[in-house]
1. What spacing in nm lies between the two simple spin-label points modelled at residue 165 and residue 31, each 7 Å away from Cα in the Cβ direction?
2. What's the exposure ranking of 281, 78, going from fewest to most Cβ atoms within 10 Å?
3. Report the extension gain between residue 268 and residue 56 in nm, rounded to one decimal, defined as 0.36 nm multiplied by the number of residues separating them, less their alpha carbon distance.
4. Using Cα pairs under 8 angstrom and six or more residues apart, how large is the relative contact order of segment 187-284, in percent?
5. With the calculation restricted to Cα positions, what are the radius of gyration and Dmax of segment 350-427 in angstrom?
6. Kindly put 137, 274 in sequence by how many other C-beta atoms sit within 10 Å of each C-beta, fewest to most.
7. Where does segment 81-122 land on Rg/Rh, using Cα atoms and the Kirkwood Rh?
8. For a footprinting-style exposure proxy, rank 393, 59, 326, 232 by other Cβ within 10 Å, fewest first.
């Protein structure tokens, strides 16, 4: 997830019109207060996590969460459990064993101390609503925000059902896949369609998650795989995913799910049905969030040119995972909102950023080698892999992982990463001003 924060900023530090647009209106979910201390725009992963943190802060500051969706929310989030979830009771399912399947073999792993966790949006929202009962935090559904603008020393938040004046605004509506990136940067679109499948006979193994099955991989095309989350012997989320540089990729994900269900489990069309569906696009890029979102989407334009950047990105560039990162960062976001101070961006370690940049170039330039890279990665001990994927790895861990992967294609990606860095430095404007903002020293990963 990505968020933009406008934390107690006055008109002097807002660029241009100081406003942004949002989706079309829906039915109102409750009565809006006219004035609040903090308005959270979006009741998804980041918005709800931050709302609970704000409630746990036992502050007397009033908080309003405005969620545009009124009905069912088919989204789901997954990650390895690192103990950071502020709403652990919302967990929908978990597994301590996983696998990656390729035509060269299957790698399996386990880490009972850090299970792989599924959280469905509907379960999280219900748990958060129970947590917020009786607190100063109010969640209103079916109320999208159409505009946020400076109004004296506060913000005017416009909705189809009335306006709200807020001292601080947290925009938590999620990232968008842009069409272009600056010179020397990489962008892959992680496009997916996930279908909840119910079967008439038991075929799924509920003890094991299939993180990647490369049965759909085309040697001449983008990275393609299928992801399976079995919650019982007769019910699973089966998701077709693509990592592609083509923003207009027309791959038919629903047909891929259909082929996979028939091939892997031998199910005929009358033996299974689709009960629910989710789809989306997650940007996988080494573009810093400030430069990426500010250039591509007015809604995400950084608010504030005289203080720290206010775009908070929590999606891991090399994988698209963001749930645990968002949970960890929500504590910092809530603390700054309650204190009325600027919210720092989530900034990874330099080593992590560098390895992600190399891996992105590898995925872009050598997609046909991706299945073997993931097979080798997940053949390593489970706890090591989980430490690496959850940004808790040591230098020794990272070296062990690098040495396990294919040498030649990753060396080429390493050289390309260096070449791109030189090109970016060459293309910077004259006068010492950077094309991309540098994170503040006080930002933490």
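Values in this text are rule-based calculations from the coordinates and carry no lab data. As the structure is a prediction and not an experimental result, all values here were calculated from the model. Here Cβ is always computed from backbone atoms with ideal geometry, including for glycine, and neighbour counts include all displayed protein chains.
1. Distance between the two pseudo-spin positions: 1.9 nm.
2. Details: 281 17, 78 20.
Ordered by Cβ neighbours within 10 Å, fewest first: 281, 78.
3. Details: separation 212, 0.36 × 212 = 76.32 nm, distance 4.99 nm.
Full extension of this stretch gives 71.3 nm more.
4. Numbers: 203 pairs, mean separation 41.9, N = 98.
43 percent.
5. Gyration radius and largest Cα-Cα distance of segment 350-427: 13.0, 42 Å.
6. Numbers: 137 26, 274 14.
Lowest to highest Cβ neighbour count: 274, 137.
7. Answer for segment 81-122: 1.10.
8. Values: 393 21, 59 18, 326 30, 232 12.
Fewest to most other Cβ atoms nearby, the residues stand as 232, 59, 393, 326.
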